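Student: Please read through the structure below; I'll follow up with questions.
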Amino acid sequence: MFFLLWLFVSVVEGRDIVIQKGLDNSSLMQLIESTDKTIKIALISSPNVIGKYSQSLYNVSLATLMSRRSEGYEIKRYDIADESSASLAAVLDEVRRDNVDAILAPLTSLGAKNIITHSTNLPVFIPTVHKRDLPSAPANFIFGGIDYMAQIEALHSYMGDSIAIFYDSSSVGTQLKSITEEVFLAHKSEKKKVESYAVDTKGDNIISHFSKPAKFNKASIILHIPVVKSALVASQLTFRGVKARNILSTQINIDPTLLILTQSQDRKNVILANSLVEFPARIYEANALMNNDITVDWIQYATSVGIDYLVSALDNSSREYSMRLINSQVIYPVELLQAKEFGFESLTSH
């Protein structure tokens, strides 16, 4: 009984806040009607492609929906075997038959390219891809991918005249390597030097890359590899006595695992670009209760941003996140962090 009374008071208080904004009676009735309407959101993904994210992104979607609406919502998983055009066409037909209102589609770049070729009038939010990769996508496709170019631009002022890029053969790794070279060389200087080092799947060749450690002295080490391999590179720099200018990385290495796998001397000159800055209280708390950590996992974070956007589009409510959308792309801020002993701190903090 106490819980029901608390819930009733919370709902009433929430409506009081809306009334204080000066809505007239007709506007208030329209808001209540739109809020009471059940909204249906489809989550389309291929567990064979995104693996563990298939379940975790559903959990984030559900938690964010629960924080936005106390009732009147449905979210359904539509698992597909792969991200082929045929699979996506079939699932879109199924979604259409189910009278779904909107779609959240955490797809790879290939899947995103395939899905935009199929006709649908539903709002579709793709949290895993940046609009820059699909500039001709229809207007009903909204993108929430992190802007790695903006992050690398923010890191550029900390790069010396010599950089050493460690990257893997994944689509993200090779893309980040190309972006880094583009940004770095755009500021012309005869002294500038770029060396790139491909890291194999297991990271077995990392040690061999340091057979001549002196060549890394005074260079900025750029890490476009997952956190475990990044930790190995950082520890090798310390072990080999390399006097690197610094170690720089993007969102992919903002992970508590980096702190666990390295010693303080390994990460004393580590600077990382971060775009996970805003955490609306209700959304953060709902996700924390379900053990979703949207503070470091950018795909989970972007999924939360996407559900928030879709709810606001469907029931005409205000968004909880304040990041702007420009040309159907979420615009994330960029801050620079240092890897300290117990966590990540702003580069400007003292």
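Any read-out appearing in this document is the output of simple, stated calculations on the displayed coordinates, not a laboratory observation. The structure displayed is predicted, hence computed values, not measured ones. No Cβ is skipped: glycine too gets one built from the backbone with ideal geometry, and neighbour counts run over all protein chains shown.
Student: So how do 238-247, 317-326 stack up, highest first, on mean other-Cβ count within 10 Å? Intermediate values should be presented prior to the final figure.
Tutor: On the way: 238-247: 16.1, 317-326: 14.0.
The packing order, highest mean first, is 238-247, 317-326.
Student: Roughly how many whole Å is it from the C-alpha centroid of the range 129-203 to that of the range 33-84?
Tutor: First find each Cα centre; the distance between them is then 30 Å.
Student: If I take R0 = 22 Å and measure r between the Cβ atoms of PHE239 and ASP161 in this structure, what FRET efficiency does the formula 1/(1 + (r/R0)^6) give, to the nearest 0.05? Spell out each step's value before the answer.
Tutor: Values: r = 25 Å, r/R0 = 1.15.
For R0 = 22 Å, the calculated efficiency reads 0.30.
Student: Give me the angle, in degrees from 0 to 90, between the Cα long axis of helix 2-19 and the longest principal axis of the Cα atoms of the chain, rounded to the nearest 10.
Tutor: 90
Student: Can I ask one more? Name the residues whose placed amide hydrogens come within less than 5 Å of the amide hydrogen of ILE75, ignoring near sequence neighbours (fewer than 5 apart) on the same chain.
Tutor: HN-HN under 5 Å from ILE75: ILE41.
Student: Report, in cubic angstrom per residue, the convex hull volume of the C-alpha atoms of the range 81-154.
Tutor: Details: hull volume 6.3 nm³, N = 74.
Expressed per residue, the convex hull around the Cα atoms of the range 81-154 is 85 Å³.
Student: Determine the sum of side-chain charges near LYS229: Lys and Arg each +1, Asp and Glu each -1, restricted to other residues whose C-beta is under 15 angstrom from that of LYS229. Mind dumping the intermediate values first?
Tutor: Working: positive: LYS177, LYS202, ARG267; negative: ASP168, ASP200, ASP204, ASP255, ASP266.
Taking every Cβ under 15 Å from that of LYS229, the sum is -2.
Student: Specify the angular offset, from 0 to 90 degrees and rounded to the nearest 10, of the alpha carbon long axis of helix 85-97 from the longest principal axis of the alpha carbons in the chain.
Tutor: Around 20 degrees separate the two axes.
Student: With each run of n ≥ 4 DSSP H residues scored as -39500 (n - 2.57), what mean residue ellipticity at 222 nm is computed for the chain after dividing by its residue count and rounding to the nearest 500 deg cm²/dmol? Before the final figure, lay out each step's value.
Tutor: Numbers: 13 runs with 145 residues, N = 350.
One gets -12500 deg cm²/dmol as the mean residue ellipticity at 222 nm.
Student: Sequence gap at least 6, Cα distance under 8 Å: using those rules, report the relative contact order of the range 293-343 to the nearest whole percent.
Tutor: Values: 21 pairs, mean separation 8.5, N = 51.
It rounds to 17 percent for the range 293-343.
Student: Summing Lys, Arg as +1 and Asp, Glu as -1, what charge do residues with Cβ under 12 Å from the Cβ of VAL60 carry, VAL60 excluded?
Tutor: Details: positive: none; negative: ASP293, ASP297, ASP308.
Neighbour charge sum, excluding VAL60 itself: -3.
Student: Here's something else I'd like to know. How much FRET efficiency would the formula 1/(1 + (r/R0)^6) give for ASN291 and GLU195, where r is the Cβ-Cβ distance and R0 is 35 Å, rounded to 0.05?
Tutor: Working: r = 41 Å, r/R0 = 1.18.
The value I calculate is 0.25.
Student: In addition: Just add up the charged neighbours of ASP133: K/R +1, D/E -1, any other residue whose Cβ is under 12 Å from the Cβ of ASP133. Walk me through the numbers before you get to the answer.
Tutor: Details: positive: LYS113, LYS131, ARG132; negative: ASP147.
Net charge in that neighbourhood comes out at +2.
Student: If you project the alpha carbons of the chain onto the principal axes, what extent comes out on each, in Å, largest first?
Tutor: Sorted largest first, the three principal extents are 72, 49, 37 Å.
Student: Here's another thing I want to ask about it. Projecting each Cα onto the charge dipole of the chain (Lys/Arg +1, Asp/Glu -1 at the beta carbon, about the Cα centre), which of VAL334, THR128, VAL242 comes out farthest on the positive side?
Tutor: Of the listed residues, the answer is VAL242.
Student: Could you order peptides 298-311, 123-136 by the average number of other Cβ atoms within 10 Å of their residues, highest first?
Tutor: Working: 298-311: 25.9, 123-136: 20.4.
With the highest mean Cβ count within 10 Å placed first, the list reads 298-311, 123-136.
Student: Among ILE142, LEU259, ILE80, whose Cα projects farthest towards the positive end of the dipole of the chain, with charges put on the beta-carbon of Lys, Arg (+1) and Asp, Glu (-1)?
Tutor: It is LEU259, whose Cα lies furthest towards the positive end.
Student: To continue, here is another question. I'd like the Karplus ³J(HN,Hα) series for the range 274-282: coefficients 6.51, -1.76, 1.60, θ = phi - 60°, whole numbers in Hz, and an x wherever there's a Gly or Pro.
Tutor: 9, 10, 9, 10, 9, 9, x, 4, 5
Student: Also: Can you tell me the relative contact order of the chain? Whole percent, Cα pairs under 8 Å, sequence separation 6 or more. Please list the in-between numbers first.
Tutor: Details: 572 pairs, mean separation 62.9, N = 350.
Relative contact order comes out at 18 percent.
Student: Volume per residue, Å³, of the convex hull around the alpha-carbon atoms of the range 137-281?
Tutor: Numbers: hull volume 19.9 nm³, N = 145.
Cα-based convex hull of the range 137-281, divided per residue, equals 137 Å³.
Student: To the nearest 20 debye, what charge dipole does the chain have about its Cα centre, counting +1 at the Cβ of each Lys and Arg and -1 at the Cβ of each Asp and Glu?
Tutor: On the way: 33 positive and 37 negative charges, 262 e Å.
Here the size comes out at about 1260 debye.
Student: For the residue pair LEU122 and PHE210, what label-to-label distance in nm results when each label sits 7 Å from Cα along the Cα-to-beta-carbon direction?
Tutor: Here the answer is 4.9 nm between the modelled labels.
Student: Same structure, new question: With axes computed from alpha carbons, what is the tilt in degrees of helix 227-239 against the longest principal axis of the chain, rounded to the nearest 10 within 0 to 90?
Tutor: 30
Student: Something else now. How far apart, in nm, are the 7 Å Cα→Cβ label points at THR174 and ALA139?
Tutor: About 3.5 nm, to one decimal.
Student: Taking 8 Å as the Cα distance limit and 6 or more residues as the minimum spacing, I'd like the relative contact order of the range 171-295 as a percentage. Could the numbers behind the result be given before it?
Tutor: Details: 116 pairs, mean separation 24.8, N = 125.
So the answer I get is 20 percent.
Student: So for each of 49-55, 171-177, 206-212, 141-147 I average, over its residues, the number of other beta carbons within 10 Å; can you give me the resulting order with the highest mean first?
Tutor: Numbers: 49-55: 14.7, 171-177: 17.7, 206-212: 13.0, 141-147: 23.4.
Ranked from most to least packed, the peptides come out as 141-147, 171-177, 49-55, 206-212.
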